[in-house]
Amino acid sequence: MIGTWPRKGLCAFWEPGLHPACALIVWLAAVLGLQFVGYAGLAFLWLGVFVLAPASLGRWLAYVRRARWLLLTLWLILAYNTPGEAWQDWPWAPTYEGIAEASLQAARLLIMLACLAWLFVNADRDGMVGGLWYLLKPFRTLGLDIERLVVRLSLVLENLQTVPEKGAWRRMLAVDAVLAGGPEVLHLKVLPWSGRDAVVLGMAVIGLMGAVLL
């Protein structure tokens, strides 16, 4: 038992694979780094995602389909609210500068969805919760109850997959919340940090620094 929570427990087990904490850090570095690169860098990152994890392609396409209206809205807002010269000198058309900015931001959002698809392929729900627990362990010295936080996050991710009862979110946020029908034991994936994880983490940090400085 790693820790306890009212009527809930965390039980850890080991299995091979990329450390979830490493996957979370790599994902965060990619999301931050893509804000500083242009189309060439975005294309390189996009190709890298699907070369390293081909299984994430289908998930990414599903994300794009669900976010299509968000992408369109984002593009229209940026295209029409960026000052500049009107496209084709038509008074009702967006500006050239707006079209360029909107297209770049939409491309960044698409790549961000690809990074998210990669993360979910490399770390499922339990893996992400375990990775977060691993990253938060140092904060125990500050008195943070990370087990409670991790269990709450796991319950949130679990209940997002089902239609909750009316008012269930209030019970979930309560101090002594116990969700009816929930599992009595929550399995927390804990992987040993390997040399490969260190190498991948180092590459992610170098890539982020390169994106920011170049």
Please enumerate the residues belonging to region 56-98 that are charged (D, E, K, R) and loosely packed, with under 15 Cβ neighbours inside 10 Å.
Arg65, Arg66, Arg68, Glu85, Asp89
For region 1-55, what are the residues that are of a type in the set (D, E, K, R) and either at pLDDT 85 or above or surrounded by fewer than 18 Cβ atoms within 10 Å (Cβ to Cβ) (or both)?
Arg7, Glu15
Residues of region 55-66 being under 19 Å from Gln105 (Cα atoms) and over 15 Å from the mean Cα position of the chain (by Cα), in sequence order, are Leu61, Arg65, Arg66
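The values are calculated or read from the model by the stated rules, or taken from the named source; none is laboratory data. Predicted model only: the values in this text are computed from it and were never measured. Note that we place each Cβ from the backbone using ideal geometry, even for glycine, and neighbour counts take in every protein chain shown.
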